[in-house]
1. Could you tally up the Lys pairs in the chain with alpha carbons closer than 26 Å? Skip any pair fewer than 8 positions apart unless they're on separate chains.
2. Quick one: how many Å² of Glu16 are accessible to a 1.4 Å probe, rounded to 10?
3. Charges on Cβ only, +1 for Lys and Arg, -1 for Asp and Glu, centred on the Cα centroid of the range 18-58; of Thr55, Ala19, Ile43, which one is farthest towards the dipole's positive end?
4. Full extension from Thr50 to Arg126: what is 0.36 nm times the residue separation minus their Cα-Cα distance, to one decimal in nm?
5. Using protein chains only and a probe of 1.4 angstrom, how many square angstrom of Trp68 are accessible, to the nearest 10?
6. Could you check the simple spin-label distance between Arg36 and Ala61, using points 7 Å along Cα→Cβ, in nm with one decimal?
7. If DNA, RNA and ligands are ignored and the probe is 1.4 Å, what is the ranking of Tyr53, Tyr117 by accessible area, most exposed first?
8. How big is the Cα convex hull of the range 14-126 in projection, averaged over all directions, in nm²?
Amino acid sequence: FGTGVATALVDTSVEECAAYIVNLGSREFQGTQKERKIVDSQIKSANQHTLYYFTTRKLHALLQQREWRNKVTWKKEEDGTVLIDISDTEDLDEELPKKQGTKVTSGHTVWVFEPMYSTGQVAQTR
């Protein structure tokens, strides 16, 4: 297990940053599944700020397939900061049971997008 922190300044709005992470059902994202080694995915909306994202990946011929079962929740704060929490879930285990022969993975990610001062007409986000 480990913890990592990364910080970057990008020339776009917090909304576009968040949409890039949360828009898992887009054609663009779906088109990259093969290069991400995703062999199956399920997306189910829970409400306006939460969705379930389950993927199965074949990482290597010598490894069993890996299954990620994530709950993705996002919120926009009054100051414009957007928080996204991606965590393991056992929700929907009955509706979408774990696949036979896969190893279920574990992970937790938190994204924080903070609006910064704009440079001219270009929004910046940290």
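1. Close lysine pairs under the 26 Å cut-off: 25.
2. Rounded to the nearest 10, the figure is 120 Å².
3. Among Thr55, Ala19, Ile43, the one farthest towards the positive end of the dipole of the range 18-58 is Thr55.
4. Between Thr50 and Arg126, full extension yields an extra 25.1 nm.
5. 70 Å²
6. Reported label-point gap for Arg36 and Ala61 is 2.5 nm.
7. Tyr117, Tyr53
8. Projected over every direction and averaged, the Cα hull of the range 14-126 covers 8.6 nm².
The values are calculated or read from the model by the stated rules, or taken from the named source; none is laboratory data. Remember, predicted model here, so these are calculated numbers, not experimental data. Quick reminder, even Gly has a Cβ in these numbers, built from the backbone with ideal geometry, and neighbours come from all protein chains shown. Just the protein is used for accessible areas: all its heavy atoms, side chains included, with ligands, DNA and RNA removed. Shrake-Rupley method; radii C 1.70, N 1.55, O 1.52, S 1.80 Å.
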